[in-house]
Amino acid sequence: MPPEFTRLQGQEHAQRYLLSLLEQEALPPALMFVGPSGVGKATAAYEWAQMLLCTGDRPPCGRCTSCRQMKSLSHPDFHLLMPPGERERVRPERGLRPFPPGMGSLQIGIDEVRRIREELQRPPVQGTRRVVVILDADQLTPEAQNALLKSLEEPPQGTLFLLVTSQEHRVLPTLHSRSRKLVFHYLDYASFVRALHPEPSQPTLLYGLTRGSPGLARVLVERGVLHHRQAFLAFIHGKWEDLVRVLNDHLQGWSAFDLRLVVLIWGTLLRDLLLIKLEANPHHLLVHQDLEERLRETASRVDVQRLFRGLYALRMVDVALERNLSPLEALSLFLAQVDPPHFKSTFLEIHQPGAPFDVWAWFAHNP
Ligand SMILES: [Zn+2]
């Protein structure tokens, strides 16, 4: 029986390519898995490593010593390099590492690479092959990337490097030129739903929101950020009460990543409202089809400028988060942009005493 991927969904091109490589004696020294977050790159790296190291009949057989060691990540010829803060989040049973990255230290320093390079000086322990998976390769510091480059230039016997990244532009050109690139894509709808097994309650909505990233969809459900859509629509046509309640209840617990999820949802709501405003027949284009009636009602009450202002202000939230402003600070900018008069009277209700950011001082300097 030929080997096959059991956990990785979709990505047919990548699957075919990786399976064809399995049959070859001479593997490339390094592959770089690139593509959007949450579409299966880490899962593919893990499953393929399992196949490469499996000694059973139909890799990955799941029964041989090697496969069992892979399940507990204790295989002596499997090396995993990742940001130290991420290590405790590794879940082989869920495809190695759940998206998104955690909140710990995200950089992979040169010491981590040195440690691996030292281990690679010994020959493989169990067979002739050895696999080094590097998750979030874009998080390698420049020094760490240069140290790794040495290994890629003179790859130790039987060693295969798998670099995984969703931000390939942050990987040095020298590492790119030493690795063969394999592109992963957003999933088609059927593969997306299969990957999310058991099927979530609103698969179409999740597909529209994530464009086909099951990892991101899972996070949207887990973080419960989909519950606040109605409150946001009310806010868009000038009613703040519900949104203030949501922010009072949740803002303290939101990380910058959570706020990015919220921005994703709000952005697509604004986009849907604009589509309705433009009076095309947008039903099949709407991401939030389940709220169509409510969207139409909201759209009839707001002007286009307010919607554009909202979209622009959401972009500012992104910029603010990139500059390490807190979620409260970033959100304040948004609310103030969209609805300045209400903001002044309402902000004090959501502003937590003792928070480090003085929004009024900020406005004094950025009118
Ligand atoms: Zn096996």
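The values are calculated or read from the model by the stated rules, or taken from the named source; none is laboratory data. This structure is a prediction, so every number in the text was calculated from the model and none was measured. We place every Cβ from the backbone using ideal geometry, glycine too, and count neighbours over all the protein chains shown. Only protein heavy atoms, including side chains, enter the accessible area calculation; ligands, DNA and RNA are left aside. Shrake-Rupley method; radii C 1.70, N 1.55, O 1.52, S 1.80 Å.
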Problem - Charge-dipole axis of the chain as Lys and Arg at +1 and Asp and Glu at -1 on Cβ define it, positive-most pick from Gly62, Ala137, Thr204 - result: Gly62
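So for the chain, averaging the separation of alpha carbon pairs under 8 Å that are six or more residues apart and normalising by length, what relative contact order in percent results? Could you put the intermediate results ahead of the total?
Working: 498 pairs, mean separation 58.6, N = 367.
So the answer I get is 16 percent.
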Completion exercise
Taking Arg315, Arg271 and ranking on accessible area (1.4 Å, protein atoms only), highest first, one gets Arg315, Arg271
Fill in the blank from the handout: Listed by chain and number, the residues whose amide H is under 5 Å from that of Arg180, excluding neighbours fewer than 5 places away on the same chain and using placed H, are Ala30, Leu31, Met32
Fill in the blank from the handout: Two pseudo-spin positions, 7 Å from Cα along C-beta at Glu297 and at Gln126, lie apart in nanometres by 6.0 nm
Handout entry: In nm, spacing of pseudo-spin labels at Asn324 and Arg87 (7 Å Cα→C-beta vector)
Key = 2.4 nm
Practice task
Could you tell me the accessible area of Arg260 in Å² (1.4 Å probe, neighbours in place), rounded to the nearest ten?
Solution key: 90 Å²
Problem - Those aspartates and glutamates that a straight Cα-Cα span of less than 18 Å connects to Lys277, excepting residues fewer than 8 apart in one chain - result: Asp290, Glu292, Glu293, Glu297, Asp303
Handout entry: Antiparallel DSSP beta bridges within segment 12-185, percent to nearest 5
Key = 5 percent
Fill in the blank from the handout: The correct ranking of Lys277, Lys41 by accessible area at 1.4 Å, largest first, is Lys277, Lys41
Fill in the blank from the handout: Listed by chain and number, the lysines with an alpha carbon less than 25 angstrom from that of Lys41, same-chain partners under 8 positions apart left out, are Lys71, Lys150, Lys181
Completion exercise
Glu4 and Asn281 label points (each 7 Å along its Cα→Cβ direction) are spaced in nm at 4.2 nm
Problem - Stretch gain in nm, segment Tyr312-Phe257, where the contour uses 0.36 nm per residue and the Cα spacing is subtracted - result: 17.9 nm
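Per DSSP helix of 4 or more residues, -39500 (n - 2.57); summed, then divided by the residues of the chain. What does that give at 222 nm, rounded to the nearest 500? Please list the in-between numbers first.
Working: 17 runs with 183 residues, N = 367.
Rounded to the nearest 500, it is -15000 deg cm²/dmol.
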Completion exercise
the chain: antiparallel bridges as % of DSSP beta bridges, rounded to 5, reads 5 percent
Completion exercise
Per-residue accessible area, 1.4 Å probe, largest first, puts Asp242, Asp57 in the order Asp57, Asp242
Exercise for the section: For segment 117-130, take each phi angle, set θ = phi - 60°, evaluate the Karplus expression 6.51 cos²θ - 1.76 cosθ + 1.60, and give the result in whole Hz per residue in order, putting x for glycine and proline. Expected result: 4, 5, 4, 6, 6, 7, x, x, 7, 9, x, 10, 10, 8
Exercise for the section: Apply 1/(1 + (r/R0)^6) to the Cβ-Cβ distance of Leu149 and Glu241, taking R0 = 41 Å, and write down the FRET efficiency to the nearest 0.05. Expected result: 0.15
Problem - Area of Ser72 that stays accessible when all protein chains are in place (1.4 Å probe, Å², to 10) - result: 80 Å²
Problem - Amide H within-cut-off set for Leu160, under 5 Å, with H built and near neighbours excluded - result: Arg130, Val131, Val132
Handout entry: Rounded accessible area of Val39 (nearest 10 Å², 1.4 Å probe)
Key = 10 Å²
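Given R₀ = 22 Å, FRET efficiency for Val221-Gln107 by Cβ-Cβ distance, to 0.05?
Details: r = 29 Å, r/R0 = 1.32.
Calculated transfer efficiency: 0.15.
As an exercise, identify the GluC sites (Glu not before Pro) in segment 1-87 lying in DSSP coil whose Cβ has no more than 14 other Cβ atoms within 10 Å. The partial results should precede the final answer.
Details: sites: Glu4, Glu12, Glu23, Glu25, Glu47, Glu86; in loops: Glu4, Glu25.
Of the GluC sites (Glu not before Pro), the ones in loops of segment 1-87 whose Cβ has at most 14 other Cβ atoms within 10 Å are Glu4, Glu25.
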Handout entry: Per-residue ³J(HN,Hα) for segment 270-279, Karplus 6.51 cos²θ - 1.76 cosθ + 1.60, θ = phi - 60°, Hz, x for Gly and Pro
Key = 5, 4, 4, 4, 5, 4, 5, 4, 6, 6
